[in-house]
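Data block below; observations after.
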Amino acid sequence: MENSITIKMKTLSNLFIGGAPVPYKIGGIDQQTATDQEGFPCIPASSLKGALRAVIREDDSAMAVEINRLFTEYLINEKEKNWPEIQTIINDKEALKRIEERYLEAANEVSPEYLFGIKGFNNTPKLLFGDLLLCSEFRDKKTCFSIDMKNTIDTRGNAPESKPRTYQTARSGIVFEGEIRLYKMEKLGDQAGELCKEYLIYNLKKFNEGIYRLGNSKSRGYGRVEIL
């Protein structure tokens with residue numbers, strides 16, 4: 001079984017993902033979307049991870065319930081397996097109590113968001129995200145970017161002042177590709193990897209509905225994407 005899924009994501013509107021300000025040039029752009037090492041637009045792993053996490057946070061499907069069950073069993077089993085060794089290493093009763101409470105709290109607060117890591121625990125089953133890079137057929141800097149203008153009104157002075165800004169965004173209609181790796185999912189059970197893949201695809205396709213978006217300025221219509 002492959003321990004990763006490959007995804008392709010197409011922009012359905014212009015996309016701006018909080019890139020760093022560019023050096024000031026008269027008549028130039030003020031900010032540009034995130035780019036890869038070659039200067040082409042990309043979707044950083046952290047942006048995809050954050051957006052997908054927001055989708056999964058609201059999901060209450062039957063698959064979410066099953067993933068909760070798997071993580072609950074995993075935490076109970078890990079505690080039982082590790083507890084004798086923990087007791088030989090740690091002699092302080094208060095420290096042992098805190099560790100036991102940490103396991104109990106994690107099991108009680110179980111959520112599909114544990115796919116992104118469990119706070120206070122290392123080496124757990126989780127998803128590892130890579131950047132989504134622009135597909136080769138779209139890697140033309142003359143056509144993959146759009147130059148957009150935004151105008152804000154500064155009311156802090158004696159009179160309102162217009163402050164137009166210029167942004168370089170990723171253009172609508174281009175396609176990005178990348179991977180999400182499933183790390184140590186076998187710890188959740190023999191079939192957990194396939195379940196998690198199905199669950200990932202199910203939630204990724206919610207982006208196609210247009211409700212969930214990526215990046216900044218979503219209220220302005222930016223960030224609509226489609227999973228291909």
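Quick look at the values:
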item: Phe129 being farther than 20 Å from Val55 by Cβ and surrounded by 15 or more Cβ atoms within 10 Å (Cβ to Cβ); result: no
item: Of all residues in region 174-191 being open to solvent by less than 30 Å² (accessible area, probe 1.4 Å) and not aliphatic (A, V, I, L, M), the one that is nearest to Ile17 (Cα to Cα); result: Phe176
item: Residue satisfying condition, being in contact with a helix residue (DSSP H, G or I) (Cβ under 7 Å, 6 or more places away or on another chain) and over 23 Å from Asp30 (Cβ atoms), within set Leu188, Leu128, Leu228, Leu214; result: Leu188
item: Residues (open to solvent by 30 Å² or more (accessible area, probe 1.4 Å) and among the polar types (S, T, N, Q)) located in region 48-84; result: Asn68, Thr72, Asn77, Asn82
item: Residue list for region 137-164, filter: assigned to a loop (DSSP other than H, G, I, E, B), open to solvent by less than 80 Å² (accessible area, probe 1.4 Å) and at pLDDT 70 or above; result: Arg139, Asp140, Thr143, Cys144
item: Residue in region 212-221 that is open to solvent by less than 30 Å² (accessible area, probe 1.4 Å), in a strand (DSSP E or B), farther than 23 Å from Glu66 by Cβ and in contact with a Leu (Cβ under 7 Å, 6 or more places away or on another chain) present; result: no
item: Helices (runs of 4 or more DSSP H) lying entirely in region 37-128 (those with 1 or more residues that are out of contact with any Lys or Arg (no Cβ under 6 Å at 6 or more places or on another chain) and over 30 Å from Lys10 (Cβ atoms)); result: 62-89, 93-108
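The values are calculated or read from the model by the stated rules, or taken from the named source; none is laboratory data. Note that this is a predicted model, so its numbers are computed, not measured. Note that we place each Cβ from the backbone using ideal geometry, even for glycine, and neighbour counts take in every protein chain shown. Heavy atoms of the whole protein, side chains included, go into the accessibility calculation; ligands, DNA and RNA do not. Shrake-Rupley method; radii C 1.70, N 1.55, O 1.52, S 1.80 Å.
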